Structures are given as structure tokens and as C-alpha cells.
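Input: a single structure, listed below in C-alpha cells.
The values are calculated or read from the model by the stated rules, or taken from the named source; none is laboratory data. This structure is a prediction, so every number in the text was calculated from the model and none was measured. Positions of Cβ are generated from backbone atoms using ideal geometry, with glycine treated the same way; all protein chains shown enter the neighbour counts.
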Amino acid sequence: MNPTTFAVRDQQQDRAIIFIHGFSGESHSTFGMMPAFLAGNPALYEWDIHCFGYPTALRPDVTGVWAADPDLTTLAGFLTTALQELTFKRYRQFALVGHSMGGLVIQRALLDGSFAGKISHVILFGTPSNGLKKAGLGKLFKRQARDMDRDGAFIKLLRLDWTSRLGDKPPFTFRAVAGIRDEFVPRESSVDVFLPEYRSFINGNHLEIVKPELPTSDSLELLLNLLTTAAGRDSQLLAESVKRVNDLWGNRKNLSEREVEELVYGLEAAGREAEAIELLEGVADRSTNLTGVLAGRLKRRWLADPELHAADGPRAQELYRQAYVKANSIADHEQAFYNGINDAFMTLALGRETERVHAIAAEVLSHTFMSRKAQWARVTQGEAYLYLREPDTALLAYTEALKESWTPRELDSMKRQAVWAARLINDPDTERELQAIFDIQQ
């Protein structure tokens, strides 16, 4: 398909509604009359409206001499570039509307780009946010189909990153929409992955839900309600959040520790991770807590791309070790077990001094037992027992920890660390059991 991007209406407004089509779709036909119906509604005259196109087709990829359709991470970069540097860079605010695979491209771009502060709405129609089981043999021939596979790396990382970065409640108007007759993307993938307040159901199959026949069709009514009724409130909240981040950033040399943490999380929510790291690096008298926060950002960046950010891994480990030594010396048990267990993890991940990991794990356990009220103590015990090669005790500790109340973001973080720990010690049997324990809880 021709990756055409075109304007339905461009009146040099400062806000834009951008439609992103799905697998084997194309910008001119996927959404039918939907963009035109919206353009004709007086309530949306202050919005420009565009359709964004990219290469996608049913034909198999033939790599090498011939061109092949790009994978979803590349497409997310394509959209990010358009939003930040090219076609749409002049806009102050975006509402992104995706269909099917286009919704995955939106989510990945939102996490990887630095335009999150401009987003007012994200609306996903029939998007397989939790992947598809029926990708089947297609994933052998199509990179895009491979990325939509439920058990593939793209979907797993997308869900982990979305939860860790945006949590349960995104800082913009968000809605996942399912067609009640959609046999291509089941509801457990399109909407059940999000909280009930972010789910909507409309009449139609996978294609019909974005091709309204009348201005009174379900999809149009839903879009208008989200773009108008909620726009004012959410824009106000967005403006307040951006102002708070900017105010803190302007006063960053005089912030309290609590305010530094607040600013770090605010910068990350706005897609400004590099500035968050810069802020933490500039704190001359970092506490063990802030040292661990900085180490965590470097660790995450290194895990995402160990080649591009090769220096971040050793740096993260050194910071964890510094914070652990300091917390250990002053008997700050919570900071000791948090930074200590991450020191052990990074030591294994980097292939360094593996014999020292047992000593760290044993010390960490003593801190968890002296800090019984800390919610993460039992989780840390589970990981420590993995490193001590006591898998049965580790599984018991995780099982007990999961009896506590956790947010989905915390559960994902806990599961990811536990599974990776099992892989680092090369224990596939325990990894499978950990997966089962967390799957039951989730």
C-alpha cells in the first residue's frame, strides 16, 4: 500500500486529530467517512484532521534486495518523527485515533518519543494491545504479524513499558474500543488489558467499527463525546501537570528530595527521560534513595538496548553498590535490601563477580527480616533465595508476597524482575513456575 499521509482539514489550528490505520490498511480507506464526519461537526472546528499512512501489506516480506514492510518499532519511530520533527511538529496538542495494529504503533511511539506532554487523547479501535494468538504462520513471513504475536517480545515489552511508565491511569483521555462482533481481535486483547473505566463496546465487526455509515453511528457518537465532553477537563489537567513539571524544572537546583522524585516521575510521564537522568546526575548530595532512583533509570535504559547504552549497565551497578554500602553502614534496612538486591541482579546480568552474589543475597535477607513491615521485603526475599539456589523457598516467598495488595504496575515490575532473575541463574523450571504463579494472580 502507498504510505500516504494527507490532511482532511488543515486550517493552521494548534490542535490536530490524527488517524492511524492498521495492518494491510491504508490512510484513504480504513476509516471510511469517519474523518469527514468529524470535520463537518462544528464542535471540532478548532481541530485540524489528518490521516497518517505507513507501509503495510498482506504479501510476505522479502528481505535483502527487495523492500520489506517495517516492523512495529520502526513504524513507531516513523510516527514519532512525523509528530516531533516533520509533518505535525507545529501542533501544540494531539488526539491520536488508531485502528487495529495502528493502535500498537501509537502506544510504542508514545513510550519511545518525547511528545507525551502534547497528547490530550488516545483512542484505540480494535487494537490487539495484548497481542494475538492467531498470528500463526504469518509471523514467519511478516515482521508486523510477528510483532503482534501474544507471546512475542514486542507485545510483552509494550505491556511492561506501558504499565511501568503510565501506570493504570494515563495522563490523557484514553479509551480502548471493542466491536461486539469483532472476531479478529478478542476483547481480552483489545479492552480487558485496561481498567473498566477505559473500555467501550460498540456495534460492528473489526472493520465496521471505524467505517460509520451515518454521523449518528456508535463510533462517531463515542469519538465526539470523548473529544468534546472530556477535552476541556483533560486539557486543564494536562496543562496543570505540564506547568507543575516546568515549575519544578525551573527551580531544579533548589528542590527537596521529595520534589526531585516528583519531577523525575513527571519528566518520565512527559517522555523526557534523558532530562530526568540529567536531573539526578546533578544532585551533588544524593541520598541512597535518589542514588537508587538514578540507578533504576540507567538499568532500564540499558536493558532496553544494551548495545546503544552499553555504559549504563556498569554505571547502574556501581550506583546500586554505592547506595547499598551506605545504607548497610547506617542500618537503613529498606534502602539496603532494595539497592542490595539490584546490585546482585546487575552483577549477574553483567557477568561479574558471580561468587559475590551469594554474599549479597544473604546480607539482603537479614535486612528484609529486620524490616518486616516493608511491603517489598517478601518480594526481595524471593529474589534473594533464587540467587542462593533455594527455588522452593523463593517460590513460597513470592506466593506469600502476592497475597498483598499490588497495583498492576507493581505486579508487572515484580514479575519481570523475578523471571529475569531465574534466567540469570539459568533455572528454566523455576522460571516456568514463577510465570504460573504470577499469571494466576494477574
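Just a few scattered comments:
- The listed residue being within 24 Å of GLY113 (Cβ to Cβ), at pLDDT 80 or above and not assigned by TED's automatic domain parsing to the domain that holds LEU110, out of VAL293, VAL283: VAL293
- Matching option when the condition is closer than 21 Å to LEU227 by Cα and either of a type in the set (S, T, N, Q) or modelled with pLDDT under 90 (or both), among SER120, SER164, SER114: SER120
- Residue match in the range 146-153 (condition: surrounded by 17 or more Cβ atoms within 10 Å (Cβ to Cβ), in contact with a strand residue (DSSP E or B) (Cβ under 7 Å, 6 or more places away or on another chain) and in contact (Cβ under 8 Å) with a residue 24 or more places away in the chain): yes
- So ALA7, is it of a type in the set (A, V, I, L, M), at pLDDT below 85 and surrounded by fewer than 17 Cβ atoms within 10 Å (Cβ to Cβ): no
- Residues being assigned by TED's automatic domain parsing to the domain that holds GLN417 and exposed (fewer than 15 other Cβ atoms within 10 Å of the Cβ) are entirely absent from the range 332-348.
- Just one of the listed residues (THR399, THR380) is farther than 22 Å from ASN339 by Cα, of a type in the set (Ser, Thr, Tyr) and either within 23 Å of the chain's Cα centre (by Cα) or in a helix (DSSP H, G or I) (or both), and it is THR399.
- Restricting GLY167, GLY179 to residues that are touching a residue at least 60 places away in the same chain (Cβ under 8 Å), assigned by TED's automatic domain parsing to the domain that holds ILE119 and in contact with a Ser or Thr (Cβ under 9 Å, 6 or more places away or on another chain) narrows the list to GLY167.
- Looking across the range 173-188, just one residue is closer than 10 Å to ASN130 by Cβ and either in contact with a Gly (Cβ under 6 Å, 6 or more places away or on another chain) or crowded, with 23+ Cβ neighbours inside 10 Å (or both), and that is VAL185.
- Filtering the range 132-147 to residues that are outside any helix (DSSP H, G or I), modelled with pLDDT under 80 and within 24 Å of ASP439 (Cβ to Cβ) leaves only GLY136.
- In the condition set (1) assigned to a helix (DSSP H, G or I); (2) surrounded by 19 or more Cβ atoms within 10 Å (Cβ to Cβ), ARG286 is compliant with all but (1).
- Failed criterion for ALA36 (all others in (1) modelled with pLDDT of 90 or more; (2) under 22 Å from PHE174 (Cβ atoms) hold): (2)
- Only one of ALA276, ALA270 that is at pLDDT 85 or above and within 20 Å of ASP161 (Cβ to Cβ): ALA276
- Residue among LEU238, LEU255, LEU248 that alone is outside the structural domain of SER100 (by TED's automatic domain parsing), at pLDDT below 90 and buried (at least 16 other Cβ atoms within 10 Å of the Cβ): LEU238
- Hits in the range 349-369 - residues which are surrounded by 17 or more Cβ atoms within 10 Å (Cβ to Cβ) and either touching a Gly at 6+ places or on another chain (Cβ under 6 Å) or among the aromatic types (Phe, Trp, Tyr) (or both): ILE360, VAL364
- All of (1) within 27 Å of the chain's Cα centre (by Cα); (2) surrounded by 14 or more Cβ atoms within 10 Å (Cβ to Cβ); (3) within 29 Å of PRO306 (Cβ to Cβ) hold for ARG432 with one exception: (2).
- Of everything in the range 80-100 that is part of a helix (DSSP H, G or I) and more than 16 Å from the chain's Cα centre (by Cα), the residue that is surrounded by the most Cβ atoms within 10 Å (Cβ to Cβ) is LEU83.
- Verdict on ARG378 being within 30 Å of GLU307 (Cβ to Cβ), surrounded by 19 or more Cβ atoms within 10 Å (Cβ to Cβ), in the same structural domain as LEU303 (by TED's automatic domain parsing) and among the basic types (Lys, Arg): no
- Of all residues in the range 402-426, exactly one satisfies the criterion of being of a type in the set (Asp, Glu) and buried (at least 19 other Cβ atoms within 10 Å of the Cβ), namely ASP412.
- Test: residue in the range 48-57 that is crowded, with 20+ Cβ neighbours inside 10 Å, modelled with pLDDT of 90 or more and of a type in the set (Asp, Glu): yes
- Matching option when the condition is more than 30 Å from MET33 (Cβ to Cβ), surrounded by 15 or more Cβ atoms within 10 Å (Cβ to Cβ) and at pLDDT 90 or above, among VAL260, VAL264: VAL260
A quick yes/no check of all residues on (1) modelled with pLDDT under 90; (2) more than 25 Å from SER329 (Cβ to Cβ); (3) touching a helix residue (DSSP H, G or I) at 6+ places or on another chain (Cβ under 7 Å):
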{"residue": "THR354", "(1), (2), (3)": "yes, no, yes"}
{"residue": "ALA374", "(1), (2), (3)": "yes, no, yes"}
{"residue": "VAL379", "(1), (2), (3)": "no, no, yes"}
{"residue": "ARG389", "(1), (2), (3)": "no, yes, no"}
{"residue": "ALA397", "(1), (2), (3)": "no, yes, yes"}
